[in-house]
Each structure stands twice: as structure tokens, then as C-alpha cells.
């Protein structure tokens, strides 16, 4: 029989993050405002991996360069999970709602292949 | 009956995102480099919600202000999922690996309550 | 008669920014921390203009698209001036010092044409 | 007699930046798109200095912490100058135009002391 509360992977990750902050008494720093800044910092580090690459080079990443990027992406995800939790937001539900909204907002037949339609969102 | 777990839910979300881009022929714009920029743009929008708030105000968000933030967070998550997929990165595995690394890197007894130790990561 | 030089012009701009905030009683929001977030928000808006462009397209911008970018760049500059002032930093002097440092750090003959040397700064 | 072209401080800085890139053959990497990403990366580094500070702490920075921030601010300014130049934008003129626009857009008597009016720009 399934026990979603104890076995669910994202729930376990969230519990580890809570415990990590609790053990270090770092919760005091984790206001939503500060977590948004921490997220920004990690996105900045991620950006630095890509800034001088051509688009094509960015599609062919591998080895230690990709490993470094994998860590930055993990950091972004970690802060996004912590931020959502602090704000009481169900992250996956928010994503599902937003995709549904985008599906309505950008009818395929009207925006197909157009960067401009896309940008003007 | 058990709820789908987050791994299944994430797989469904990824499939919807793939189909969304395919139907609109937008895959051509989605190089990893461009997706990193799109992620930056969404983090910028998220930041705008928080820039003039005190930390305490950021802990008490509700109503339409929180709804707007929820959408920005969803956008960040969506681009992070798309970026991971393009790079062939298993996002949850990357997060689990990074948490394990952080647990080793910041021994609780050494860094407890210290913002400085934290920042110098 | 000589044009005012950039130092004088910058001094005038700074005075206008001070007066602008004073007249609106907005100084209370302008802690360095908040100004850094405001800067981030503007850089996010700037990024949105470029995220789906090819590098070549980004070199050929004109008309209303360029006008919009010009405004975002102005916003970034405004917050950077405000931030420097709050922190007591002489912005042009900081730039001159950093260029001198970069000239030493990246000897032309060693890094010529290499993106990798550049990234590893 | 004034010789703005040869003595103006910002003009000299721009010339040093051009020469710096030319000597290293780095102009090939400096598409506007890439410079926007480089700007983002530097703003991310700047943000990392501030993310765990209270607003009050951010007002009292000094010593080596402030020195580090001064360098990041210089980096942001350098990329903003390079970006403006590549796009043919007169940076100080753009700032002056934007301030004039803001003065009209936010009449002091209507928005005084209100963070909300400010955010809804």
C-alpha cells in the first residue's frame, strides 16, 4: 500500500531542507525576501556559465562544465522549494495551474513559430 | 486510492511542457542559453514583488499579492524544468546530491546561527 | 562654450535623484539591500528584451524595441547611482580602479581570444 | 580651452574599455545579448553580498565587505557602459530622459510615502 507522506520524493526533500536549516539555526535568515535574493544569486552563478557561449555551444555541454551547471540548477531549485514552503505555496499545483493558463493564453494556431507573440506575454 | 507521487506528477508536467512547446513550434527558441535568460527574467519579476517590502512584510503576504507571486514562482519552476530537460539533468537527483554535499560542507556544530559562515559558502 | 563634462553631468543627475526621492518621501524604502533588489528587477526587465533573440539579432536592434531597451538601461543606471551614493562609493573611481585591476589580471598576450580564460575570472 | 573629447572622464573610461577588449580579441564575445548576461552575473554576485543582511546592516557596511561590494558595483557599471556603447545608446542622456519621465509619471503629491504607488510603476 502506498504511503505518500513518508515515501514521496519531494516531500522527503522538503523535510531534509527543513531539518538542515533547523540544525544550523539558519531559519532566522530565511525570510521570503531574503530567499528571493538567494535565488537571484544562484541564477547569477548559473548565468555566468552561459554568458560567453553561443546557443549551439550551450546545447553541447558536457563533462565538468555540465557538472558545475547541475549544481547551480540544484541550488536554484532548493531556494525555490524553501521560498514556496515559507509562503505556503504548493509548488507543483502552482505549476499545473500556470501551464493550464498558458495553454489558454497562447492558442497554438495563433502564435506558432513566432518569437514576438511569445515575448509579448 | 493513493495520490500520484511527485515523481509521477513531475513526469506529467514535463510531458505537458514538451507538448506545449511542440504545438507552438517554440522549441527553436529554447536553447539552454535562452532558457537561462528566460529564468532570469522571471526571477526579476519575482524580485519586483519583494523589493520594497520589509522582511516582516514578506512573511505576511496574502491575497492578490500572494497570487501574483505564486504565478512568478510557477514561471521560474517551469523554466527550470525546461532547462534541466534540455541539458539532460535529473532535477530531483541533482537536488538530493546537492543537499548531501551541503550537509557535509556545513557541519551543524560549526556554523550554527552564523550568517557569515553561511555567506562564505 | 564647452559642454558640461560627464563628472558635472553625473553630479547634476545625482542631485535630481536625491530631490526626486525627497519630494516623494521614498528615501525610507531605499536601503542598500532594497536598491540591490530594485536593480535586479530592472536587469530582469532588460533581459526579457533579449531572451529569445539570436546574438546577431541583438546587434541589429532599432526602433521601438531599442527605445524600450534604452529605458531599461536607464533604470539600471539610476538604481546603480542611488546604490553607490547610499554606500558612499565614488562610482567612476571604482570603475577606474577595477579596469586597472583587470588590465593586470588578464595580460593580453596570455588570454587573447579565449573565452575560457575570460570565464575563469 | 576645454577639450571634452580628450579629457572627459567617462569618455576616457569608454576608450579604455574598448582598448581592453581589442587587445584581448574579446570583442567577438561582446554581443549585446551576451553583455546582458554578463551584467546579470555581476548583479547576482552583488546580491550575494546582501542576501542575509537586514536592511539596517546593509546601511552600515564598511571595511573589506564594502570593498568587495565596490568591486561588484564597478563590474555592473562596466558591463552597462559596454552594452550601451554596442547599442549606440547615450547612457547619460537616457538617464536624464528617464528621470524627466519619472518626474511626470509620479507627481509628488499623489505618491508621497507610498510604497504601493511606487511598486505599481
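The values are calculated or read from the model by the stated rules, or taken from the named source; none is laboratory data. Everything numeric here is computed off the predicted structure, so don't read it as measured data. Cβ placement follows ideal geometry from the backbone for every residue including glycine, while neighbour counts extend to all protein chains displayed.
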Please verify whether segment D:99-107 includes one or more residues that are buried (at least 16 other Cβ atoms within 10 Å of the Cβ) and part of a loop (DSSP other than H, G, I, E, B).
yes
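Tell me, please, whether a residue that is within 22 Å of residue A:49 (Cβ to Cβ) and modelled with pLDDT of 90 or more can be found in segment C:81-96.
No: zero hits.
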Check on residue D:12, in a helix (DSSP H, G or I), in contact (Cβ under 8 Å) with a residue 12 or more places away in the chain and either within 23 Å of residue C:41 (Cβ to Cβ) or more than 7 Å from every other protein chain (Cβ to nearest Cβ) (or both):
no
Restrict the check to segment D:56-74 and report whether at least one residue is touching a helix residue (DSSP H, G or I) at 6+ places or on another chain (Cβ under 8 Å) and either over 22 Å from residue C:79 (Cβ atoms) or not in a helix (DSSP H, G or I) (or both).
yes
Against the conditions (1) over 30 Å from residue A:55 (Cα atoms); (2) touching a helix residue (DSSP H, G or I) at 6+ places or on another chain (Cβ under 6 Å), where does residue D:101 fall short? Just the number, please.
(2)
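Can you find even one residue in segment A:58-72 that is closer than 29 Å to residue B:54 by Cα, crowded, with 20+ Cβ neighbours inside 10 Å and modelled with pLDDT of 95 or more?
yes
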In segment A:71-92, what residues are more than 7 Å from chain B (Cβ to nearest Cβ) and more than 14 Å from the chain's Cα centre (by Cα)?
A:86, A:88
Restricted to segment A:17-54, and to residues that are in a helix (DSSP H, G or I) and surrounded by fewer than 17 Cβ atoms within 10 Å (Cβ to Cβ), which residue is nearest to the chain's Cα centre (by Cα)?
A:18
Can you find even one residue in segment D:16-25 that is touching a residue at least 40 places away in the same chain (Cβ under 8 Å), away from chain A (no Cβ under 14 Å) and closer than 25 Å to residue C:72 by Cα?
yes
Would segment D:40-51 turn up any residue that is more than 30 Å from residue A:69 (Cα to Cα) and in contact (Cβ under 8 Å) with a residue 12 or more places away in the chain?
no
